[in-house]
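Worksheet: the structure to be examined is printed underneath.
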Amino acid sequence: MSRTQVIARVGRNWVILFLFLLCVIFSFTGRGFLSLKTLNNILLTSSPALLLAAGETFVIITGGIDLSVGFVRGLISVISAIVIRDLYALGYSPYFAIFCGIVVGVLLGFLPGLVNGILVARFRVPPFIATLGMYGIANGLALRYSKGFPITFLPDEVGEIGNGFFFYLLPGRLFTVFEKPLGLTEAEARNLVGIVPYATVIAFALLFVFGFVLSKTQFGQHIYAIGGNIDAARRAGIPVEKHLIRVYVISSLFAAFSGVLSTLIFSIGTHTQFAASLELFAIAAVVIGGASLMGGKGNILGTALGVFVLSVLEVGFLMSGILPFYRYIAVGAILVFAVVIDQLFPEIVYD
């Protein structure tokens, strides 16, 4: 293999190599970083971000952008938490209340994407402006319904589902499936390790399904065609407007799933004015994962790698005692580096 081929291969797989390098570095600087507990913590906290970034991937492949996903996630988190809280307060079963909260949240997730898609596809409003408008609407509605405070007093079962694991391990003593072992001392409870979070399995299942749609179906190939050359796609007979509407609905639905999942994990309906950083996180993950903001390139696997790079960076900095603002500097530098790599190695694809 020639030197040029080696450089090209490294360039095409730089995210995987960089993620491995981060893990090696933080294993020395952060005590306990390479532990099962830390791995599960990264998987659990990354699950809502994986969904948010996956939806953004569809939009970016078409050459568009969705700036509303962060506040749509916050709005759905608030609405689903209100439904759960109020139904539980009325005496309904906690599991029935949770089911209704999830269904209402996901169904409402159709609306922002539908509006965004119609504005972009039918009225030719630039995606930046259309989704920026929805950004403000979702933000205002979330503040209206939450009054600026988290939605609390949810049943305990919410946290049990959101923070549940398929397996539990007490090193050297116990191994259980689905349920935490009972009768543990305080010290044993601290040493208990959950393995394979429910939330991560849910997120991966959705990523697998929509990753298949994107890479193996005609609909997915049409999305790439639209991002590559929208005029050529129209001449080829692709129903561009319908596809764009569907893409923005998918993005909004993923934001809704992310909002519901965050409610289950944190046991509160969360909305914050800093939700704007969530869409920036999602966009950064998609670009780091190999997608091009010009459209026509990207996939779900690459996006997942991008999310894990940012999550490992955040957890590693925290465990290493590095001040938080350095993380923003690091993310900015990595994002610029990813764009440069995209220009040097435009054929990057993570299959």
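What follows is calculated from the coordinates using simple rules that are stated; it is not laboratory data. Predicted, not measured: the structure shown is a model, and the values here were computed from it. Methodologically, a virtual Cβ is constructed for each residue, glycine included, from the backbone with ideal geometry; neighbour enumeration extends over all protein chains shown.
What's the extension gain from ASN13 to LYS147 if we count 0.36 nm per residue and subtract their Cα-Cα distance?
Value of the extension gain: 43.7 nm.
Please turn the phi angles of segment 103-116 into ³J(HN,Hα) values with the Karplus equation 6.51 cos²θ - 1.76 cosθ + 1.60 (θ = phi - 60°), one per residue in order, whole Hz, x for glycine and proline.
Karplus-based 3J(HN,Hα) across segment 103-116 equals 4, 4, x, 5, 4, 5, x, 5, 5, x, x, 5, 5, 4 Hz.
If you build a Gaussian network model of the chain, linking Cα atoms that sit under 10 Å apart, which residue out of VAL331, VAL177, VAL287 swings the most?
VAL177
If neighbour count is taken as other Cβ atoms inside 10 Å, put TYR198, TYR145 in order from fewest to most.
The order, fewest Cβ neighbours first, is TYR145, TYR198.
Which value, in debye to the nearest 20, describes the size of the charge dipole of the chain about its Cα centre when Lys and Arg Cβ atoms bear +1, Asp and Glu Cβ atoms bear -1, and nothing else is charged?
Computed charge dipole of the chain: roughly 560 debye.
Output the antiparallel fraction of DSSP beta bridges having both residues in the chain, as a percent to the nearest 5.
About 100 percent, rounded to the nearest 5.
Under 19 Å Cα-Cα from LYS147, which aspartates and glutamates qualify once same-chain neighbours fewer than 8 residues away are excluded?
Within reach: ASP86.
Rounded, prolate or oblate, given the Cα gyration tensor of segment 1-149, with a/c below 1.5 counting as rounded?
The shape class here is oblate.
I need the phi-derived Karplus couplings for segment 50-65: 6.51 cos²θ - 1.76 cosθ + 1.60, θ = phi - 60°, integer Hz, Gly and Pro marked x.
Karplus values, whole Hz, x for Gly and Pro: 4, 5, 4, 6, 4, x, 5, 4, 4, 5, 5, 4, 6, x, x, 7.
How much length, in nm to one decimal, is gained on full extension between PHE337 and LEU323, taken as 0.36 nm per residue of separation minus their Cα-Cα distance?
2.8 nm
Give me the net charge for the shell around LEU169: Cβ to Cβ below 15 angstrom, other residues only, Lys and Arg +1, Asp and Glu -1.
Combined, the nearby Lys, Arg, Asp and Glu give +2.
Say we join alpha carbon atoms closer than 10 Å with springs in a Gaussian network model of the chain; which of GLY237, GLY321, GLY172 then has the biggest fluctuation?
GLY172
Pull up all non-local amide H partners of PHE166: gap of 5 or more, or a different chain, and H-to-H distance under 5 Å with H placed in the peptide plane.
Distant-sequence amide H within range of PHE166: ILE195, TYR198.
Can you list the HN-Hα couplings for segment 316-328, worked out from phi with the Karplus curve (6.51, -1.76, 1.60; θ = phi - 60°), rounded to whole Hz and with x for Gly and Pro?
x, 5, 4, 6, 8, x, 8, 4, x, 5, 5, 5, 5
GNM, the chain, Cα, under 10 Å: largest mean-square fluctuation among LEU169, LEU214, LEU253?
In the Gaussian network model the winner is LEU169.
Sequence neighbours fewer than 8 away in the same chain don't count; with that in mind, list the lysines whose C-alpha is under 28 Å from LYS37.
Straight-line reach from LYS37, under 28 Å: LYS180.
Within 12 Å, Cβ to Cβ, of VAL72, how many net charges do the neighbouring residues add up to if Lys/Arg are +1 and Asp/Glu are -1?
So the surrounding residues net to -2.
Within 11 Å, Cβ to Cβ, of VAL286, how many net charges do the neighbouring residues add up to if Lys/Arg are +1 and Asp/Glu are -1?
-2
In what order do ARG144, ARG327, ARG246 fall by count of nearby beta-carbon atoms within 10 Å, going from fewest to most?
Listed from fewest to most nearby Cβ atoms, that is ARG144, ARG327, ARG246.
Would you pull out the residues with amide H under 5 Å of GLY63's amide H, same chain only if 5 or more places away, H placed 1.01 Å from N?
Hits under the 5 Å cutoff: GLY295, GLY296.
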